[in-house]
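The values are calculated or read from the model by the stated rules, or taken from the named source; none is laboratory data. Given the structure is predicted, the values throughout are model-derived calculations rather than measurements. FYI the Cβ positions are ideal-geometry reconstructions off the backbone, even for glycines, and counts take in every protein chain you see. Just the protein is used for accessible areas: all its heavy atoms, side chains included, with ligands, DNA and RNA removed. Shrake-Rupley method; radii C 1.70, N 1.55, O 1.52, S 1.80 Å.
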Amino acid sequence: MRIATYSRTFQILKDYGIYANKSFGQNFIIEYKIIDKIVDAATIDKETGVIEIGPGIGALTEGLLLKAKKVVAFEIDKKLIDLLNNELKDFDNFTVINQDFLEINIDEVVEKYFKDFERVVIVSNLPYYITTPILIKIFEESTKIESVTAMMQKEVGQRICAKKGGKEYNNLSIMSSYYSDCHIALHVSKNIFTPRPNVDSCVVKFILNKKKENVKNEKLFLNVLRSSFAMRRKKLINNLEIFDKEKVKEILLKLNINENVRAEELELNDFINIANNLE
């Protein structure tokens, strides 16, 4: 019986005296058909190496192990390490590491565990409370990951994939479009978890860009992006007052952008052009 069923999950939690740890954002999937859909969305095959973030009791891990060449999982909760090794002992392609993913060097992990792999991807049921820091870490640090397939809170996924002009559109939307091609792969009901969260989820797939857009200074571009959305009600020019205001005015005029514009009215290339001209 698969781990991602109510009866197996209940039995595992009972056997190990485990309770969902709210501080780690733990919710366990109890529907294996959803697991299979996530694995399919990630396009896992026998040549794929997978890094999983937060395997929990191994429901998604098991689905990945059935399809992937190798899975290396990072679990911050020390009490789950023995559980994972015991419940997944029949798989010789599994390694679990008791470490906070936010503290690792992703490319070093790829080099150590997936040296001769052509494809390495990240798949995760992300803890809701650290979804954004994890995505930003992957975006900004990794050069060896092909894609990220991640379950997250529905509203967060909608913001990430939002287009300009909408209330959900923000700096993370633009960062995602800069670092990847992304889309919502499937919607997931809150009813397939135990304990049941308060909100529905979605699975977002990011195909990471090997070659970035023509940005002269990435650090400056990201600073412009974050500053532009610092106060959504403010005009762009006021949010960018950390730079020379007259210089910003000149740039907006040069780029034929109305100086009364707000950040949510602009697209990725607009921010790139602003940053490049500031440089």
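Output the helices (runs of 4 or more DSSP H) that fall wholly within the stretch 180-271 and possess 2 or more residues being surrounded by fewer than 16 Cβ atoms within 10 Å (Cβ to Cβ), or say none. Full working, then the answer.
Numbers: elements: 218-228, 236-239, 245-254.
Filter on the stretch 180-271 gives 218-228, 245-254.
May I ask you to verify whether Phe139 is aromatic (Phe, Trp, Tyr), in contact with a strand residue (DSSP E or B) (Cβ under 7 Å, 6 or more places away or on another chain) and either crowded, with 20+ Cβ neighbours inside 10 Å or over 26 Å from Glu218 (Cβ atoms) (or both)? Walk me through it before giving the result.
Details: aromatic (Phe, Trp, Tyr): yes; in contact with a strand residue (DSSP E or B) (Cβ under 7 Å, 6 or more places away or on another chain): no; either crowded, with 20+ Cβ neighbours inside 10 Å or over 26 Å from Glu218 (Cβ atoms) (or both): yes.
Here the answer is no, as Phe139 does not meet what is asked.
Can you name every residue in the stretch 125-137 that is more than 10 Å from Ser201 (Cβ to Cβ) and touching a residue at least 40 places away in the same chain (Cβ under 8 Å)? Steps first, answer last, please.
So the first thing to find is which residues in the stretch 125-137 are more than 10 Å from Ser201 (Cβ to Cβ), and the list is 127, 129-137.
Within the stretch 125-137, Pro127, Tyr129, Ile130, Thr132, Ile134, Leu135 qualify.
Scan the stretch 122-131 and give yes if some residue there is closer than 20 Å to Asp40 by Cβ, open to solvent by less than 50 Å² (accessible area, probe 1.4 Å), part of a loop (DSSP other than H, G, I, E, B) and of a type in the set (A, V, I, L, M), otherwise no. It would help to see each step written out before you state the result.
The first filter runs over the stretch 122-131 and keeps only residues closer than 20 Å to Asp40 by Cβ, leaving 122-126.
Keeping just the survivors that are open to solvent by less than 50 Å² (accessible area, probe 1.4 Å) gives 122-126.
So of that shortlist, the ones also part of a loop (DSSP other than H, G, I, E, B) come out as 126.
Within this subset, residues satisfying the condition of being of a type in the set (A, V, I, L, M) are 126.
Checked against the condition, which is being closer than 20 Å to Asp40 by Cβ, open to solvent by less than 50 Å² (accessible area, probe 1.4 Å), part of a loop (DSSP other than H, G, I, E, B) and of a type in the set (A, V, I, L, M), the stretch 122-131 yields at least one hit.
Tyr16 passes all but one of (1) modelled with pLDDT under 95; (2) closer than 19 Å to Leu126 by Cα; which number fails?
Every listed condition holds for Tyr16 apart from (2).
Can you tell me which residue in the stretch 87-103 is least open to solvent (accessible area, probe 1.4 Å), limited to those that are hydrophobic (A, V, I, L, M, F, W, C) and within 20 Å of Ile18 (Cα to Cα)? Don't jump to the end; show me each part of the working.
Start the filter on the stretch 87-103 by keeping residues that are hydrophobic (A, V, I, L, M, F, W, C), which leaves 88, 91, 94, 96-97, 101-102.
Imposing the further condition that a residue be within 20 Å of Ile18 (Cα to Cα) reduces the set to 88, 96-97.
Details: Leu88: 3, Val96: 23, Ile97: 32 Å².
Residue satisfying both the conditions and the ranking: Leu88.
Looking for something buried (at least 23 other Cβ atoms within 10 Å of the Cβ), within 19 Å of Val120 (Cβ to Cβ) and modelled with pLDDT of 95 or more - is there at least one such residue anywhere in the stretch 30-38?
yes
Quick one: how many residues across the stretch 214-231 are within 12 Å of Asn170 (Cβ to Cβ) and among the basic types (Lys, Arg)?
Final tally of qualifying residues: 1.
Which one of the conditions (1) open to solvent by less than 10 Å² (accessible area, probe 1.4 Å); (2) under 22 Å from Tyr6 (Cα atoms); (3) without any contact (Cβ under 8 Å) to a residue 60 or more places away in the chain does Val72 fail to meet, given that it meets all the rest?
It is condition (2) that Val72 fails.
If I go through the stretch 217-243 residue by residue, how many of them are in contact with a Lys or Arg (Cβ under 7 Å, 6 or more places away or on another chain) and among the aromatic types (Phe, Trp, Tyr)?
0
Are any residues in the stretch 147-179 buried (at least 19 other Cβ atoms within 10 Å of the Cβ) and acidic (Asp, Glu), and if so, which ones?
Hits for the stretch 147-179: nothing passes.
Against the definition (modelled with pLDDT of 95 or more, in a helix (DSSP H, G or I) and open to solvent by 10 Å² or more (accessible area, probe 1.4 Å)), how does Lys112 come out, yes or no?
yes
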